[in-house]
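Structure first, then comments.
The values are calculated or read from the model by the stated rules, or taken from the named source; none is laboratory data. All of these numbers come straight from a predicted model, not from anything done at the bench. Quick reminder, even Gly has a Cβ in these numbers, built from the backbone with ideal geometry, and neighbours come from all protein chains shown.
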Amino acid sequence: MGVNQEVATNLSGQSVIVTGGTRGIGLGIVRVLGRAGCQLMVTGRKPERLEAVAKELSDAGVPHRTMQANVGEVASSAEVVEATLDAFGRIDGLVANAQSFRPVTNLEHVTESDFDLVLETGPKGTLFLMQAVLPTMREAGRGRIVTFGSSMGNTGVPGYGPYSAAKEAVRSLTRTAAREWGRYGITVNCVCPASVAHRMPVMEENSERARAFAEMYADHPLGRDGDPEEDIAPVVAFLLSDASQYMTGQTFMVDGGGIMRA
């Protein structure tokens, strides 16, 4: 492609599944992809949040479907893919963003149920979704899969052991899928975003967790956190586009350089 030709970042008409797309980073991705012209299947766990997203997308004129789904179940992943094909006739991209979380807990106190939850909704849920979209992407000869990891897997942040382990497993699955499925025209890449948890309503002002985030960003190279729409979602959009067609099996640290503090 010559330097004077348009960079192939157009997503108009593409059909993309976004899991965990009702709040936080997932909602930011949904909004950006909607503005980019995508047809969207948005999944989540809570009906009221799905209704709110559906209304927002309808008001914006974005072709979409919403679906309550449990990413930790094989059958649920298959149902999401089937519903997407019924609605749009194709699946161009998968953004496997959904991940359940447990309260911050030191390793010595982690329970089996704590670990099971993050493994089921993290690496297992991501794998089930990747398996579900594979046949239609393989048949089309093209596909874009974006998974989500975490810098905590590299930095070993205290209290986040199970979550970090689950996210590292997602990164490993990403690399294996990239190696196995590249011959089908499918790229698989992982994004490790800046945390936006302190933006969520569940974090109480002046709580210990809120203070920890404040300290973290006080030592941040860019001096601020990442905005889901302005900073994180555009990278996901790039990875869904043909501009990224020669990149696969990679991890993208979309954290404003935060990993350099490790």
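The selection criterion, being in contact with a strand residue (DSSP E or B) (Cβ under 6 Å, 6 or more places away or on another chain) and within 15 Å of P228 (Cβ to Cβ), holds for V18. Annotation: of all residues in the range 243-255 being surrounded by 19 or more Cβ atoms within 10 Å (Cβ to Cβ) and either part of a loop (DSSP other than H, G, I, E, B) or on the phi > 0 side of the Ramachandran plot (or both), the one that is modelled with the highest pLDDT is T248. A single entry from R171, R142 fulfils the requirement of being within 19 Å of G26 (Cα to Cα) and among the basic types (K, R): R171. A count restricted to the range 125-162 and to residues that are modelled with pLDDT of 95 or more and over 14 Å from the mean Cα position of the chain (by Cα) stands at 14. Going through the range 27-38 one residue at a time, which ones are out of contact with any strand residue (DSSP E or B) (no Cβ under 8 Å at 6 or more places or on another chain), part of a helix (DSSP H, G or I) and free of Cβ contacts under 8 Å to residues at least 40 places away in the same chain? The answer is R35, and nothing else.
Can you tell me which residue is surrounded by the most Cβ atoms within 10 Å (Cβ to Cβ) among those in the range 112-128 that are under 14 Å from E168 (Cα atoms) and charged (D, E, K, R)? Looking at the filtered set, the residue picked out is K124. Of the candidates V104, V80, the single residue that is touching a residue at least 60 places away in the same chain (Cβ under 8 Å), aliphatic (A, V, I, L, M) and over 26 Å from R175 (Cβ atoms) is V104. Selection of first residues in the range 136-159 that are part of a loop (DSSP other than H, G, I, E, B) and of a type in the set (K, R) and of second residues that are at pLDDT 95 or above and surrounded by 18 or more Cβ atoms within 10 Å (Cβ to Cβ), restricted to Cβ pairs under 8 Å at least 6 apart or on distinct chains, gives the following pairs, ordered by first then second residue: R142/D92; R142/I186. Taken together, the residues in the range 189-209 that are more than 30 Å from T248 (Cα to Cα) and modelled with pLDDT of 70 or more amount to 0.
Can you report the number of residues in the range 43-69 which are closer than 18 Å to G24 by Cα and not aliphatic (A, V, I, L, M)? Steps first, please.
Applying the first criterion (closer than 18 Å to G24 by Cα) to the range 43-69 yields 43-57, 66-69.
From the residues that got through so far, the ones that are not aliphatic (A, V, I, L, M) too are 43-49, 51, 55-56, 66, 68.
Residues meeting the conditions: 12.
Taken together, R183, R171 contain a single residue that is assigned to a helix (DSSP H, G or I), surrounded by fewer than 19 Cβ atoms within 10 Å (Cβ to Cβ) and modelled with pLDDT of 85 or more, which is R183.
Identify, please: which residue in the range 129-168 is charged (D, E, K, R) and surrounded by fewer than 19 Cβ atoms within 10 Å (Cβ to Cβ) and is, among those, farthest from N189 (Cα to Cα)?
Taking the range 129-168 and keeping what is charged (D, E, K, R), we get 138-139, 142, 144, 167-168.
Retained after the next criterion (residues that are surrounded by fewer than 19 Cβ atoms within 10 Å (Cβ to Cβ)): 138-139, 142, 168.
Values: R138: 17, E139: 20, R142: 14, E168: 13 Å.
Only one residue tops the list, namely E139.
Of the residues in the range 212-228, at least one is touching a helix residue (DSSP H, G or I) at 6+ places or on another chain (Cβ under 8 Å), at pLDDT 85 or above and under 26 Å from N70 (Cβ atoms).
Filter the range 3-26 for residues that are without any contact (Cβ under 8 Å) to a residue 40 or more places away in the chain and among the polar types (S, T, N, Q); which is surrounded by the most Cβ atoms within 10 Å (Cβ to Cβ)? Looking at the filtered set, the residue picked out is T22.
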